[in-house]
1. Please get the size of the charge dipole for the stretch 72-293, origin at its Cα centre, with Cβ charges of +1 on Lys and Arg and -1 on Asp and Glu, quoted in debye to the nearest 20.
2. Among Leu518, Leu321, which comes first, second and so on when ranked by fewest other beta-carbon atoms within 10 Å?
3. Between Val156 and His332, what is the spin-label point distance in nm, taking each point 7 Å from the Cα along the Cα→C-beta axis?
4. Hey, rough spin-label estimate for Lys458 and Ile270, points 7 angstrom out along Cα→Cβ, what's it come to in nanometres?
5. Which value in nm describes the separation of the simple spin-label points at Val341 and Ala163, placed 7 Å from the Cα toward the beta carbon?
6. Pairs to check: Lys283/Lys581; Lys148/Lys382; Lys107/Lys551; Lys282/Lys382; Lys148/Lys282; Lys148/Lys283. Give those whose C-alpha atoms are more than 23 Å from each other in this structure.
7. Assuming 0.36 nm per residue, please report the length gained on full extension of the stretch Leu529 to Phe576 beyond their Cα-Cα distance.
8. Tabulate in residue order the Karplus-calculated ³J(HN,Hα) for the stretch 338-351, using 6.51 cos²θ - 1.76 cosθ + 1.60 with θ = phi - 60°, rounded to whole Hz; enter x for Gly and Pro.
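Throughout, read-outs are computed from the coordinates displayed, never taken from laboratory work. Bear in mind the structure is a predicted one, so any value in this text is a computation, not a measurement. Here the Cβ is made from the backbone with ideal geometry for all residues, glycine too, and neighbour counts use every protein chain on show.
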Amino acid sequence: MANTDGDTRNAEGSQAVPLERTIPVVHEETTSAQTKDDSSDSEDLGEIVERPGFESGAVSDQEQILRGTGWMTAASITSRVLGALYIIPWVAWFGTFYNQANALFSKGYNVYSIVLMISTAGIPAAISKLIAHYNALNEYGVGYRLFKRGLLLSLVTGLVAAALLWFMAPTQSLTTGDPNVIPVLRSLTLAVFVFPTLSMMRGMFQGYHMMAPSAISQFVEQVVRVIYMLLTAYLIMQVGSAPAHNWPRAVVQSTFAAGLGAVAGIAVLIYEMWRHRQYFHKKIENAKGGLVITTGQLLKQIIWQAIPFTIVPSAIAIYQLFDQGTFFRIMHVTSNLSYAVQNTLYAYFDFNANKIIMITVSLASALAATAIPMLTEAHTLKDSASTSRQINFTLELFSFIMIPSALGMAAISVPLYTFFYHYSLAGSLILEFSSYLSVLFGLFTVLSTIMQGVDQNKAVIWYMVVGLIVKMVLQFPMVALAQPLGPLAATLIGFTVSSVLILRNLNRHFDIDWDGLLHRLNQIIVFSLVTYIVARLSVWGIDHVMNTQFKVTAFIELLISVVLGGGAYAYLSLRFRLADKMLGSRVERIRTRLHIK
């Protein structure tokens, strides 16, 4: 094994902090017997035994990314769809109080998101990255010890964060003057306590490229959460009395459901670890065992790697928390609208639209979760060619999925908003604008993950801060001019600035095929615009045939528009071989069945 202390090269520039330099490492002398065992038992990078839920190592980097992304995308999309579909009965049961309930839910969750990011401290992504790093060096034992120490750390951080949230819930800065926010925040303490442990366990599986257990736990977590939310909402708002007085209680139970879902997710992962215990034991037994690292060094390495994974994924939540703290103050100064109307406008952009667009943003999150260990392994092995290929393919796959999804959602914003909530031109307009914004949300998520995967941690934090400063400067004039669209416009510009800075950095440090990327991006944009036009025209045509201001007719309109728009994109991608380049040779069978030349 190469001496990781001796390598003083820094190909990534002055801001990069190579993973192997974050702690001192002592190498034990290897006996001849060990050397023999290593040569016979060592496995190729990423090689995994063929078992249900495991990824095969005998595939290309692109294939591994596709497989991992497939699992994570399926889980993310299913979870997000469940998390959005529950809104339909939830809104119906809350009746006229649904916008107020959505606003209260959002106020609690914005604070919760920040606290959760701090309590997890970026640990799952850091653990995933570190385990992938040590696995690439055939040091599985170190990765396993790191996981155990990190698990203890997650329990401590979860407990501290939960206690802080409970005792700080009544503060003015967290409640924004709304006393109903206090019980909502306290109901989230269970989730804050257990979620770091859940995230830690997911990070361990992802570090082994085992995306299936992580995906299944995510799905189970959301199912349990949604069932409890709907059950309590129905009992309180429909079976119980005085809904006008009790609707805040129903919101509290809905937020408490996050903790129950997290507990269910942990149960799934514990079972998966037990089921595959022999696999982990075999990996550890066959490891080289040449690294001697103390517990203190392991914890230091976790914390060092976790800091950027804490700050950067919090970007969207930080932006939303800033909106929560400034929107009402700016509206109070620049408008004569009542607090109830302001609350409704706030619910439009911060909860209603955001809930739907996060379905597409979850695609980027799934892709990012898969990319971290793959990029880290290539970067650890100093394989610059593989790193560049993975960056290119990750950006291409993101564009292939995200751009048509966002434009398609914008095209059907009116029936989509009507189906989930009620008919509202204002709400639909905000959803359309938010759909365009989702591309920037997703792009920043993927780009920041790429930067962290190649040890550009300081740079990506700085770029995020620059974008946030731009957002802060533009917030007041944007809200004064565009009211609920103002925060979204300021966010759009802020994320654009951050993303451009990251792209410049990647262009400077890596040999990326930008010509090929832009050529493929042009194809994707053209096909996506066709999708948008087809879906928009179908909505326009159906609007002239039936009244689509009701949920049933809106659903019919949605179904037809999605089939036509999605069908157009699928046909063009197959006809011009774009799908082959993105999804591999398996697409040829689909083309043959559909008789597309």
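1. I would put it at about 500 debye.
2. Details: Leu518 10, Leu321 18.
Starting with the residue having the fewest Cβ neighbours, the order is Leu518, Leu321.
3. With each label placed 7 Å out from Cα toward Cβ, I get 4.1 nm.
4. 4.3
5. Going from the Val341 label point to the Ala163 one covers 4.7 nm.
6. Lys283/Lys581; Lys148/Lys382; Lys107/Lys551; Lys282/Lys382
7. Full extension of this stretch gives 15.4 nm more.
8. After applying 6.51 cos²θ - 1.76 cosθ + 1.60, I find 5, 5, 4, 5, 4, 5, 5, 4, 5, 5, 3, 8, 8, 10 Hz.
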